[in-house]
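Colleague: Here it is, the structure, as structure tokens.
The values are calculated or read from the model by the stated rules, or taken from the named source; none is laboratory data. Not measured: the values here are computed from a predicted model. Quick reminder, even Gly has a Cβ in these numbers, built from the backbone with ideal geometry, and neighbours come from all protein chains shown.
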Amino acid sequence: MAKLRHIAMQVPDLEAAAQFYESAFEMERVAEAEAPIGDAISLSDGVMNLTLLNFPDEGESGRINGADWAGLHHFGFIVEDEKDTTQKINAAGGKYFMKLPDYPGVDVETKFKDINGVVFDVSTHDWPLKKS
């Protein structure tokens, strides 16, 4: 069975958003990444990972809507067998979307869209839940 372990939100100000979740919910900052496709701060409650994303203004990025928009970007499942899960996603009407490029500090996941176009990832690895 797949396990929901990751939620990613696009935010206009990474540091302000991270400080909010750290202060309001005592989440712990567990990882940070800077990459040409966008920057991220990952927080955790020890069970779930919340990754805050901010994308560049130009070039190819994963930005949804404008630079000042904030909201759910995608969510992620940990699965035991990515190939088997991909077949199930396709059979259920989902579609392959993209695979993240391999940048230092960036978790490489395969992204899909569900029947409504909502983006989610599938990975056999967990997201950071503790400081490394």
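Colleague: Has the range 64-83 got any residue that is outside any loop (DSSP other than H, G, I, E, B) and either without any contact (Cβ under 8 Å) to a residue 24 or more places away in the chain or touching a Pro at 6+ places or on another chain (Cβ under 9 Å) (or both)? Reasoning before the result, please.
Modeller: Step one: list which residues in the range 64-83 are outside any loop (DSSP other than H, G, I, E, B), which gives 71-78, 82-83.
Now drop any that are not either without any contact (Cβ under 8 Å) to a residue 24 or more places away in the chain or touching a Pro at 6+ places or on another chain (Cβ under 9 Å) (or both), which leaves 83.
Yes, the range 64-83 contains at least one residue that is outside any loop (DSSP other than H, G, I, E, B) and either without any contact (Cβ under 8 Å) to a residue 24 or more places away in the chain or touching a Pro at 6+ places or on another chain (Cβ under 9 Å) (or both).
Colleague: Follow-up question, since we're still on this one. Can you pull out the residues in the range 40-71 that are at pLDDT below 90 and closer than 20 Å to Phe112 by Cα?
Modeller: Once the filter is applied, which keeps residues that are at pLDDT below 90 and closer than 20 Å to Phe112 by Cα, the range 40-71 yields Phe55, Glu60, Ser61, Gly62, Arg63, Ile64, Asn65, Gly71.
Colleague: Gly46 - would you say it is more than 20 Å from Asp126 (Cα to Cα) and in contact with a strand residue (DSSP E or B) (Cβ under 8 Å, 6 or more places away or on another chain)?
Modeller: Working: more than 20 Å from Asp126 (Cα to Cα): no; in contact with a strand residue (DSSP E or B) (Cβ under 8 Å, 6 or more places away or on another chain): yes.
Spelling it out, it is not the case that Gly46 is more than 20 Å from Asp126 (Cα to Cα) and in contact with a strand residue (DSSP E or B) (Cβ under 8 Å, 6 or more places away or on another chain).
Colleague: Let me ask something additional. Restricting attention to the range 84-128, and to residues there that are over 11 Å from the mean Cα position of the chain (by Cα) and among the aromatic types (Phe, Trp, Tyr), which single residue is modelled with the highest pLDDT?
Modeller: For the range 84-128, the residue satisfying everything is Tyr96.
Colleague: Please give the strands (runs of 3 or more DSSP E) falling wholly within the range 1-49 in which 3 or more residues are out of contact with any helix residue (DSSP H, G or I) (no Cβ under 8 Å at 6 or more places or on another chain) and either among the basic types (Lys, Arg) or under 24 Å from Ile89 (Cβ atoms) (or both). Walk me through how you get there before you give the answer.
Modeller: Details: elements: 3-10, 28-35, 38-44.
By residue number, 3-10.
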